[in-house]
Structures are given as structure tokens and as C-alpha cells.
Amino acid sequence: MSTPSITRLADYRAPEFLIEKTYLSFDLNEAYTDVSSKLSIVSNPQSGKTSDLFLHGEQLELLSLAINDQPLSSADYQISREGLTIYNVPEQFVLHCKTRIYPDKNTALEGLYRSSGMYCTQCEAEGFRKITYYLDRPDVMSEFETVIIADDNAFSVMLSNGNCLSDSVVDGKRIVHWHDPFKKPSYLFALVAGNLDCLEDSFITQSGRNVLLQIYTEAKDSDKCDFAMQSLKKAMRWDEEVYGREYDLDRFMIVAVDDFNMGAMENKGLNIFNTSCVLAHPKSTTDAAFQRVESVVAHEYFHNWSGNRVTCRDWFQLSLKEGLTVYRDEEFSADMNSRAVKRIEGASFMRNVQFVEDAGPMAHPVRPDSYLEISNFYTMTIYEKGAEVVRMLANILGPENYHKGTDLYFERFDGQAVTCDDFVACMEETSGKDLHQFRLWYSQAGTPQLHISDSYDAERQQYHLHVRQHTPETPGQPLKQALHIPLKITLYGEQGAQDLIIEGKNYGEETVLDICREQQTIVFDNITEKPSPSLLREFSAPVKVDYDYQLQQLQQLVLLDSDGFCRWDAVQNLMGRVLHEAIEGDSKEPTQDALIQSLKRLLQNFSAMDMGLLACLLDLPSEHYVASRYEKADPAAISQARTHLQHQLALALEPELLACYQALAGEVAGLSAEAMAARSLRNRALGYLMCIDKAIYRGLAEQQFLHAENMTDQFAALKAMVHAEHAHIEAQHALQAFYQQWQNDALVVNMWLQVQATKPWGDVLRDVRALLEHPAFDKRNPNKLRAVIAAFANQNFSQFHQLSGEAYQFLAEQIADIDQRNPQIAARLLTPLTHWHQFIAPYGQLMKAALDSLSQHELSKDVYEVLSKSLVEN
Ligand SMILES: [Zn+2]
């Protein structure tokens, strides 16, 4: 293929034209859709004069074009693959344009497409240009009116953004007219037409306005919307109370769609959701999925302010809306659930996924400098690390100044398209803090490492903490500067937390240190004994910390630290050491003993603990995380060491695990935080017990599978049985029974596919190939691709990394095939192979060979970008 062109932040120019009003009419026919647009265009006074207008447009059939009602001749314009150039346009005019598109043939799921007979749209980032010719860039904000026309009775609902002005039938055609009074960029446009059921509710805003709330689904799913509705109302209230943000339209709509590339989309007033992020029912939905629905519903709702009212100037600023909104939804979830557990989940996700991204060929800053295909930048770095950057700002400023900063941001930039710098400037202005150095977090890629050592001066009663920071090089950024890193800390002595006195000022038991230099030493006074430092409390910055703890210090932190993240981190540290020793062939008894003794004491007191937290403490570090700690990782050694440790822990903690499992039986119904926490602990215990090949535990799992009252327990039992090393016939029976029971529920069938694709034993690649032929599989549906292919490649470390390299080739073949239909999803599936350089021979070479074979195919821009960056030797 020809090399696609690079878009660079440095080349940003204000738009030469603006679109003040956008009038769209969609005529939905069975075989095609005709889109008529009437755009009121003016030249932008902020920009240099030009008389040629370029409009984005791809894969469109142009039917007619007119300026101020004068039809244009073919000499007046030119069409290219990227769009339409009209020559010599006036300074102000009305453009009429008619295009034809084919939603039925749209398998990329960008623009207007059909999913199970329903029309829907996905326009972020650049899907609108597949609907009609337009200035499809976020800094062009326009007022939209939309008319949808279809045969009367063809669809029960025909929706677009904003408020419904009229709904009438003329000559057998139904015509529905929508108007969105708020200016918005084209990426927030949405249209839905289908035969859908609707759950309705209402919400009174803090100023007393009544908002109609609607969730639309296919009729078969209409009993699965209550939880999303409750979540929406909680989110609306929370945003009023915490951020002072009120909803602005008369109506807020959510539509659930089966075929969707992403999780959900915040189109103004008309959010479109992947069914997996909105449908929930106690019988068929796990606790984890309930929490996901709660957080995604909140996330998309919060975008109404952080994204829609104030939007991004260009796509390099994507984290402006995503980082801020993820931070907002994380804090909402922390307020609704266990704050400690939510923080551990966030930290764990950063370590297991974002840090790995940072160490790979696609590493990029929170505000990237360039891209070939913007769809490839909907990444962990933009979303999760972006949220950590906002969290650090909140940590550095304190809650009061942080909220003054967001108030100013929303007020000053309402109705505008702005930059990450504009956001930081508001924080700087309201707090008076110098955030000059902090801004580097937006432009510098990579995961910083803090190397921390200490010394204690008993005579002077002084404790010295030496901090050195270093960020490894990333593609295109060989040299890194020192960052401003907030390091939250407590010092523990025999008697508990010590007062932190620095340069004569007492900061109490916990403080945030501003680490700004490459090396710095902090001196604490009046410290009466050598303390154990509790570092990076609440994961106060997205960094790796390296401090040489003694085993006894780690045990103390596991048992006594008041910060949940630090307790988890101490266990992870102990587990990491045991794994490292095993991988190096140098297992040491004291390390494993320290780990086992700590976990034993926790389990013996489980009823007095936050059980959700305890469940997290029992989690082993992922293989990906372990691998990321080596220059060149040996996947077989890592999987083996991890499996061995799991087995050892199960044997050593067997009585405690069993006691815990039995004590929690039967008293964990409902969806309260406590019930969910108890279930997560009980099922973690079951997972461990099933590592021991005893009939009694298989019996427990089978009984739980057969008699479970909810999906969390049923699925946990199924997974424990299917994933057990010594798989018995009852596991096969359970799989069959599960499918029989749930074959008509697509989301549950996805879990059934996934549990098989992630099985750590046996010839799983053969099973995965068979699943692709199963009637429940549909290669056009992104959720199914994620449930089988992505789950296998991302979550089945031991089976994906096989010496034959067959799994790597399999993935490459699948990507080549999927790329022809859905480039976004294909590019995303490529991630596991891009890390080839992190693995020893022959794994690394075999992964690269798979990439090489993929490069022989005709590829989309999406896949081409990831592939070409991955093939660079370093
Ligand atoms: Zn978002």
C-alpha cells in the first residue's frame, strides 16, 4: 500500500471556514440512505483568507452540490479519497449537498451502519465524513437540526441529538425532526432508527428542571435496563454535588447496540452503548459487569460537560476530555463502592496494561505529537494515564483548589474547543501553583521509575529519604527530563505512623512530597527509630517505585498499613520476589514463608476486613506484569513459576481458604457493596482450592455451579472447573449445561466463549479455532472477536506463547481477515504481537515472523500504523 500521511500537532491551523448551522436530512431506504445537508458556512475571521473550501468525505456517492441554490458544475470542485475541494467560494454562503451511502455494507462500524436491523452511528473520531461532506474536525462547532425520513411503520423510534420538534406522517412517510440547541462538533452527532423498547424515568435537576430519561433496547433486553437507569440517576446527582454540573437538555437518551467497536459514545443527549456496557440483570450479569455498567454510564454522562460543553480543539487533545472524564468516573465509582478496591483496580490496570504499552513500540505521550490513524490512539495512555495526570493535579493542588480550577475551566471555555494546556492553566490560575514542570506529563512518554533508598541517623533522630527519578527512553524520545511527581508517604514505626516533620513543619502522619529533581533527599526530624516507609500511597503517581524492603517490613505493611493500595503493593512485592527467585532457579524459603505467613494471618481474620480488599490481596501478579520486569522475558518460565506459586499458596493456606469459603456460603445475596465483596473473596478462595486435585473441592465447585443464585457465583464456579489443571468430566458437563441455559443471551454466551479461550491447559488453540466455527460466533461482531481472539491473545499468556509459534501465526491470519471488514478492531488485536522484542528467542523471533507475514497483506491505515511501528528494530 502507499504510505499514509502523518498528521502532526505542530501543523495545527485554525479552520479556514466555520459552519454556523447544520441542517441534515436522512432518507432511510432499504438498500441505501440519501443524506441531504444544508450548511451555513462563513470564512473564519481568526484564520488567513482562502477561497477554496475543503470538506472531509470518504466513501460517499455525491448526488448533487449547490452554493446559494446555484448548482455547481464539475469544474467547480474536485473529489479525492479524503474529500471534496470547492473552488472560489464566497465569504459567506449556504452549501447544499446530497450524498448516498450504504449503511448495510458498512462493516467498519464507523459513520452510519446497521446492527441487527437497527440504524445507528459512531462518528468519533472521524466517522462523520463517511456520512456526508463536512468540516469533520472537533474545533468546528455547529448548531444541528436533523430530519429523519422513513416508511411509516418501518421503525418504532427515530432519534437524533437534542429535543424532538415534531413527529409526523406525510404521504406514507414518517418524518421526525430534531434540534440540538447546543453547538457541537460533528463527532458528537448521532442518529438511531429501529424497533426498540424504551424504559423511562425522570430526574429533577438541582435547579428544579425535569429531565426525561430513556433507555432504548431490543425487546428481548428490556428487562435489563433498571440498573443502568439507577446508575444514570446516581451519576447525575453526583456531578451536581461534586462538580456543580447540571444536565442541560430536556431529555437524555441511551441506546443499546449489539455491534459496536467501543464501549459507549457520549453523543450529545443521545448516548449509544455497546450492550455489554448497559445491560445488566442479577441472574445473567456478574458483579464485575454490574460495576462496569455503573462506571460506563457515569463516564458517558459526565462527558456532557467534560467533552461536549467543553470539547477538544484537535485529536491530540483527546486526553483533555478522556483523562478528565475517566478521573471523574473513577472517583464516582470510588464513592459508590470500596475506595481501596477501586484504587487497587486502577493501579493494577496501569501496571498490567499501560506500563506495558509505555514499554512497547506504540508508547506515546498523553498528548501525542503525531498519528497516522487517530483511532489507534484511543489507548490506555490517553485514557488511564490521562486520568492519573488529572489525579496528580488534584493531589498537588488539594481538593478545594482542584475544584476551583474545574469550575473556572467549565465556565471560561463553555461552548469552546480547547487544549490540555488551557485546562492546566485554569489549575495554575486558581491555585497559584507553578505547574510549568508538571506540564511535561502531557508531552513526555514512558513510565518514570523512582529509585528510593534511605538512611537513619539515630543520634540526630533524623530519617533521610533519597529519591532518584529516571524515565526510560521511548520511540522518538531518547532523552527525558525530570518530572513533577507527587509522592504520598507515611512512615511506620513500632508504634504506628510517625509525625512527618520536614524543615520544622509538622505535616501529620501522611503527606505528599513534591519530587521535582533528578535526585533529591528529604529529611524527616524527630524520628525515634528507623521506620518502614509506606510509599506512593493511594498510587499517588503513575510510576514504578523501587525500594529494597526487608521481608519483615513488607509483612508489617501487609498487615498494618492503613492504605489499601500499599497493602496490596506489599503483597505484590512479596509475590514478585518469590516468582523472580523461582524464574532464576534460586527459590528461597524465607521469602515464600513471609508471603504465606502474611496471607495466613489475613485469612484468619477475614471477617474483620474489607473482604473485597482481601480478595485483591490474594491476586497473583499477572504474567504480563512479571514479564515487563525483565529485559528479555521467558514466557514458559514465567507461566511455570506463577502456576507453581498458586499451587504452593493453595496447599499452604488450604485450611484457611476452606474455612473462609464455607463461612461465606449462603449469606451473600444482593448487590450491596458488602455482598459483592464477600462473593469476590469466596470465589477467590474457590479458585485457589481448585488448584488442589481433590474430589471435595471439585464437589464444592460443582454444587456452587448448580445452585448459584447469581451469575457471579455460577460463572466463578464454571471458570474454576474449566481452568483447573486436572480437568475432569464434570467441567465439560458444566460447559455444556451453561451453554444450554444461556444460549439465547449474547452477553452470557460471550463469557462462555471467553472462559474457553482463556483456559490455561490443553490444546487451546485447537479449541479456539473450533469456537470460530461455532454457531454462537459471529466474525462481524466486535464483542465476539474480543471474547475469543482478543481474550486468547491477551489473557491466555501460557497458551499464546507456545514454542511452535503457531498461536502468533494464527493471530496474524485473523487480523489480516478482520482488517478487511473492521480496521479499528483489527489494529487493536495486534497489540500482543507488538511486544516481540521483550521476549527471549525463539519467542520474540516467532512473534516478529508473524508480523512480517501480516505485512505481506493489503492493510488498512489502522493496522499499517501499528505494524510499521512494531517492526522497527531497536
Ligand atoms: Zn470517554
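The values are calculated or read from the model by the stated rules, or taken from the named source; none is laboratory data. Values in this document were obtained by computation on a predicted structure and should not be read as measured data. Counting neighbours? That spans all protein chains shown, and the Cβs are built from the backbone with ideal geometry, glycine included. Heads up: the accessible areas ignore ligands, DNA and RNA and are worked out on the full protein's heavy atoms, side chains in. Shrake-Rupley method; radii C 1.70, N 1.55, O 1.52, S 1.80 Å.
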I'd like the Karplus ³J(HN,Hα) series for region 301-317: coefficients 6.51, -1.76, 1.60, θ = phi - 60°, whole numbers in Hz, and an x wherever there's a Gly or Pro. 5, 4, 4, 3, 9, 8, x, 8, 5, 10, 10, 8, 5, 8, 6, 5, 8
Phi-based couplings in Hz for region 555-561 (Karplus 6.51, -1.76, 1.60; Gly and Pro marked x): 4, 4, 5, 4, 7, 10, 4
Relative contact order [Cα under 8 Å, 6+ residues apart], region 560-658, whole percent: 33
Would you kindly state how much longer the chain becomes between LEU803 and THR521 on full extension, computed as 0.36 nm times their sequence separation minus their alpha carbon distance, in nm to one decimal? 96.8 nm
Using only Cα atoms, find the angle between the long axis of helix 764-773 and the longest principal axis of the chain, and express it within 0 to 90 degrees, rounded to the nearest 10. 20
So, in nm, how far is label CYS198 from label ASP586 when the simple model puts each one 7 Å beyond its Cα toward the Cβ? 6.8
Computed over region 99-155, the distribution of all Cα-Cα distances in 5 Å bins, rounded to whole %, is 4, 16, 24, 26, 18, 9, 3, 0
Per residue solvent-accessible surface (Å²) - region 630-767, probe of 1.4 Å: 44
Extension gain (nm, one decimal) between ASP171 and GLU400, 0.36 nm per residue minus Cα-Cα: 76.5 nm
If you project the alpha carbons of region 152-278 onto the principal axes, what extent comes out on each, in Å, largest first? 50, 31, 26
Once neighbouring chains are kept in place and the probe is 1.4 Å, which whole percent of the accessible area of the chain is contributed by carbon and sulfur? 47
For the modelled label position 7 Å from the Cα of GLU529 along Cα-to-Cβ, which residues of region 567-611 have backbone nitrogen atoms closer than 20 Å? 598
How do 96-102, 140-146 rank on mean C-beta neighbours within 10 Å, highest first? 140-146, 96-102
LEU28, LEU199, reordered so the largest accessible area comes first (probe 1.4 Å): LEU199, LEU28
Taking the alpha-carbon centroid of each part, what is the distance from region 805-856 to region 633-688 in angstrom? 33
Does region 537-625 come out rounded, prolate or oblate by the C-alpha gyration tensor, with a ≥ b ≥ c the root eigenvalues, rounded set by a/c under 1.5 and, if not, prolate when a/b is larger than b/c and oblate if not? oblate
If R0 = 22 Å, then GLU494 and LYS600, at their Cβ-Cβ distance, give a FRET efficiency to the nearest 0.05 of 0.50
Taking placed amide H atoms and a strict 5 Å upper bound, the residues 5 or more places from GLY446 or on another chain that come that close are HIS364
Inter-probe distance in nm under a simple model that places probes 7 Å from Cα toward Cβ, at SER51 and HIS470: 6.2
5 Å is the cut-off here: which amide hydrogens, built 1.01 Å from N in the peptide plane, fall below it relative to ALA633, excluding neighbours closer than 5 in sequence? PHE839, ILE840
Efficiency of FRET from Cβ geometry, LEU871 and ARG460, R₀ 60 Å, rounded to 0.05: 0.60
Taking the mean number of other Cβ atoms within 10 Å as a proxy for protection, how do you rank 293-306, 37-50 from highest to lowest? 293-306, 37-50
Can you give the FRET efficiency to the nearest 0.05 for GLU631 and TYR32, using r as the Cβ-Cβ distance and R₀ = 60 Å? 0.60
What list of ³J(HN,Hα) values in whole Hz, one per residue of region 538-549 in order, does the Karplus curve 6.51 cos²θ - 1.76 cosθ + 1.60 (θ = phi - 60°) give from phi, with Gly and Pro shown as x? 6, 6, 6, 8, x, 9, 9, 10, 10, 9, 7, 5
Calculated log₁₀ intensity ratio I(q)/I(0) where the Debye formula runs over C-alpha points of region 502-544, q = 0.15, 0.18, 0.21, 0.28 Å⁻¹: -0.47, -0.68, -0.93, -1.40
On C-alpha positions alone, give me the angle between the axis of helix 843-854 and the longest principal axis of the chain, in degrees, nearest 10. 10
Against the longest alpha carbon principal axis of the chain, how many degrees, from 0 to 90 and to the nearest 10, is the axis of helix 589-604 turned? 70
So how do 780-786, 730-736, 132-138 stack up, highest first, on mean other-Cβ count within 10 Å? 132-138, 780-786, 730-736
On a C-alpha basis, how far is the centre of region 508-576 from the centre of region 229-271 in Å? Whole number, if you could? 38
Given an 8 Å cut-off on Cα distances and at least 6 residues of separation, report the relative contact order of the chain as a percent. 8
Once the piece of chain linking GLN481 and GLU91 is laid out straight, how much longer is it, given 0.36 nm per residue of separation minus the C-alpha distance between them? 135.8 nm
Radius of gyration and Dmax over the Cα atoms of the chain, both given in Å: 27.9, 95
Mind jotting down the distance between the C-alpha centroids of region 438-465 and region 29-49, whole Å? 54
Taking only DSSP H segments of four or more residues, each worth -39500 (n - 2.57), what value at 222 nm results for the chain once the sum is divided by all its residues, to the nearest 500 deg cm²/dmol? -11500 deg cm²/dmol
